[in-house]
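See below for the structure under consideration.
Taken together, the values in this text are just the output of simple stated rules run on the coordinates, not laboratory data. Quick caveat: nothing in here was measured; it's all calculated off a predicted structure. In this analysis, Cβ positions are derived from the backbone assuming ideal geometry, glycine residues included, and neighbour counts consider all displayed protein chains.
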Amino acid sequence: MDGDIFENLRMELRRGSLIVAVLAALRVERYGYALRKTLADGGLDIEENTLYPLLRRLESQGLLTSLWREENKRNKRFYCLSVEGEVILQQLLGEWRTIDAALARISTTTTASTEHD
Amino acid sequence: MDLLDRYIKAVKSYLPKAQQDDIIRELAANIQAQMDDRATELGRPLTDAEQEAILQSHGHPMLVAGRYQTAWGTLVFGRQLIGATLFPFYVKVLWFTLELSLITHVIVIVALFFGGNPTTFGGVMTEIVFQITIQFVVITGIFAAMEQYLPTMTWNAQRPPTLTQAFPKVRQSTRLESVAQIIVLAILAVWLRFIFDRPEVLLGPAAATYRLGPIWYDVALPTVLIVVVSIMQGAINLIRPDWVQLRQTVRVATDIGSLGIMVYLLRATGWIVLAHPTDTSTALGPINHYIAYGLWIAVLSTLVIIAVDSWRWLRSWQGSSAQS
């Protein structure tokens, strides 16, 4: 039961973070599978069935641009952060830092008051 | 055709037509890159088993395609009954049966009116609401059961790339089947006409004491109409056996029409009545009791048939979409 609750909360926490990670990783042009490897190498595993549709969704929102190009004699769809995507990414990273700092403060305060009691 | 092509074709068959080509082109390129990457690691081409393992890691084609669907929504009653993958199919089947129910009811009402047995607005609404409620419950139940089964589904790489992973394929009817259908239904139509004209043939010696209740004559015309529509469908499929969608659509429509007739029949209390009102009979009560039981069993069986035929209709629709 506790495991289920943790897993659900962990998934919720990851969902938003993944989008920030994808946008950040696409400052450099990449195709789907290469992006998945980059994220995995960076410690963020993401399923293909989640990542590939997510890329299309972000593109339809105007945050990414894409083009078909040949690489190693194979045609691949390369994605890249758009100008609008860069603006949104900066805002999201700012929000991320705010949340991170707030969490650190709340966590420190709570720990200190628990020890004081 | 290699495994990747077959897998991609299977995914394609579950995707909305407008996006099919673009999505599968990209998906194929990504999976191919993953296979190339693995082959480079191993320093040799991948075996079929290794290719299949990569494809299986992506999941069942229906699940993969479901992730690309526009978020239509989900059905939640406390917990999620039908997820985003199946929801578009669920809505499609519900709408289809709802539309057919309404069309069939209109036909039945018109037939009853011209048969000299107009029905009340309240009566019609009660029947429609009753049928729609039952259809909603049955169809929702089937899809909720499928939702539980969906994550355990694996792609069968040995099968051809059709939509047969979950349910048997809707096949074309042979001309012999169409001929048999026309003959059997024609005999049934003649027999029905004969029975309604001379019920004593059905009742035998009991005709001296009993006769058919008036409600049977109310449903005579709609019943014959359903038989005639089925004969026409058989005749068309005799010429065009490849028109699987027509066959499945007519089947679901006639199933729903039959259900409507049965529900209408259930409104009666005396399906068999005394030939002479002044007579008495201790057997009359039990006879009508057993007929009521029989009608309820028929209603439940027809609901199952509607569910199965609706699925087949959906499959025939998907099949034609995948071929085009």
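Structure summary
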| item | result |
| --- | --- |
| Equivalent ellipsoid dimensions for the range B:3-68 as semi-axes, Å, which come from the Cα gyration tensor, largest first | 23, 11, 9 |
| With eigenvalues of the C-alpha gyration tensor scaled by 5 and rooted, the range A:2-116, Å | 34, 17, 11 |
| Potential lengthening between residue B:245 and residue B:136 on full extension [0.36 nm per residue; Cα-Cα distance subtracted] | 37.0 nm |
| Centroid-to-centroid separation of the range B:231-257 and the range B:264-314 [C-alpha atoms, Å] | 27 Å |
| Projected label distance in nm at residue B:274 and residue A:45, using a 7 Å step from Cα toward the beta-carbon | 8.0 nm |
| For the range A:2-116, with +1 on Lys and Arg beta carbons and -1 on Asp and Glu, the positive-most of A:85, A:66, A:43 along the dipole | A:66 |
| Gain on full stretching of the segment that runs from residue B:208 to residue B:183 - 0.36 nm per residue minus C-alpha separation | 5.7 nm |
| Charge dipole magnitude, Cβ of K and R +1, D and E -1 - the range B:216-292, Cα centre, debye nearest 20 | 240 debye |
| Amide proton proximity set for residue B:82, modelled H, under 5 Å, gap of 5+ | B:75 |
| Inter-site label distance for residue B:304 and residue A:99 at 7 Å from Cα along Cβ, in nm | 5.1 nm |
